[in-house]
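Please read the structure below before turning to the comments.
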Amino acid sequence: MKSTFIFSLFVFAISFSSCNSNKVSQKKEVKMELSNKEKVVALLNSFNTGDQTPISYINPEKYIQHNLAVGDGLEGFGAVIKNAPPGGFKANVLRAFEDGNYVITHTEYDFFGPKAAFDVFRFENGQIVEHWDNLAEVTPPNPSGRTQFDGATEISDKEKTEANKDVVKQFIDEILLNGKMDNLTTLVNPSKYIQHNSAVADGLDGLGAALKYFAENDMVMKYDKVHKLLGEGNFVLSMSEGNFGKAPGDHVAYYDLFRLENGQIVEHWDVIQPIPAKSEWKNENGKF
């Protein structure tokens, strides 16, 4: 019953543009009261509440979908909702950040089973026009007892957003892309580094142990290209692609969330998702 109701919300969104001018004006007035970040959080929370209002935050004429398992536009997502399990989908937004026209969320989903996810939404004229995401199964706590979701949530140092992006860019360029470790302890605080990757313990020792395990078991964790760096204050998300797993590794998307203090990385969450063969894509927009 709930999934049928939610599907009707997306049918409503597709026909939203045909509303009379007075209703459209009223919707715009409501939207202007909210930040883009607040709109995204409300939209995801509507999975839990069934509230119809957040559907108006999506542009029904221009919604570009980069989840390759979902068809383009609201029609594609509506098809997914139509096939939801009896209890529908649920979303618990843990972190949300805003960077210009982009909003980034870190969310715990019940979406065909428990999932850890990052979503990125792009806005134009106050409406969502594009969406990217990365999802993975929820796993047990890592060797340090940390989960994919716990840890710091408070945004600070907003005036340092660009400087923190530069630190993350240098970390990815030097460490992940080129394997140069000279500046590792400058970029990462070795005494504070908290790790939420399911298989890696806290600290640089935990990272070193993971890399040693990969080398000894003919596995790879290779970054080839960074597509986006987005952040707000002390949080920066990178969206990259590369290879992961048993050599030569699966073609994957890496979404890495970093928290920084005083110009150093002190906390890390990630979601790694395989990129399917193009023959399996349900839209032509690509993963990035």
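Scanning the stretch 44-56 for residues that are under 19 Å from residue 106 (Cα atoms) and either at pLDDT 95 or above or among the acidic types (Asp, Glu) (or both) returns 44, 45. Looking only at residues of the stretch 96-138 that are aromatic (Phe, Trp, Tyr) and modelled with pLDDT of 95 or more, we find that the one that is farthest from residue 39 (Cα to Cα) is 109.
Among residues of the stretch 38-60 that are in the same structural domain as residue 80 (by TED's automatic domain parsing), those with a beta-carbon under 7 Å from a residue that is buried (at least 21 other Cβ atoms within 10 Å of the Cβ) and among the hydroxyl-bearing types (Ser, Thr, Tyr) at least six positions away or on a different chain give the pairs 39/57; 40/105; 43/57; 44/105; 44/107.
Screening 119, 110 for residues that are within 12 Å of the chain's Cα centre (by Cα) and closer than 19 Å to residue 42 by Cβ leaves exactly one candidate, 119. Within the stretch 202-219, being surrounded by fewer than 11 Cβ atoms within 10 Å (Cβ to Cβ) and under 21 Å from residue 190 (Cα atoms) holds for one residue alone: 212.
Listed here are the strands (runs of 3 or more DSSP E) enclosed by the stretch 99-207 that have at least 2 residues being of a type in the set (Gly, Ala, Ser), in contact (Cβ under 8 Å) with a residue 40 or more places away in the chain and not assigned by TED's automatic domain parsing to the domain that holds residue 239: 114-124. Quick one: in the stretch 227-276, of everything that is out of contact with any Asp or Glu (no Cβ under 7 Å at 6 or more places or on another chain), farther than 20 Å from residue 137 by Cα and among the aliphatic types (A, V, I, L, M), which residue is surrounded by the fewest Cβ atoms within 10 Å (Cβ to Cβ)? Going through the qualifying residues, I end up with 266. Among the residues of the stretch 151-196, those that are under 13 Å from residue 229 (Cβ atoms) and loosely packed, with under 15 Cβ neighbours inside 10 Å comprise 162, 163, 166, 169, 170, 173.
The values are calculated or read from the model by the stated rules, or taken from the named source; none is laboratory data. Computed from a predicted structure; not experimentally measured. Neighbour counts are summed over all protein chains in view; Cβ atoms, including those assigned to glycine, are modelled from backbone coordinates with ideal geometry.
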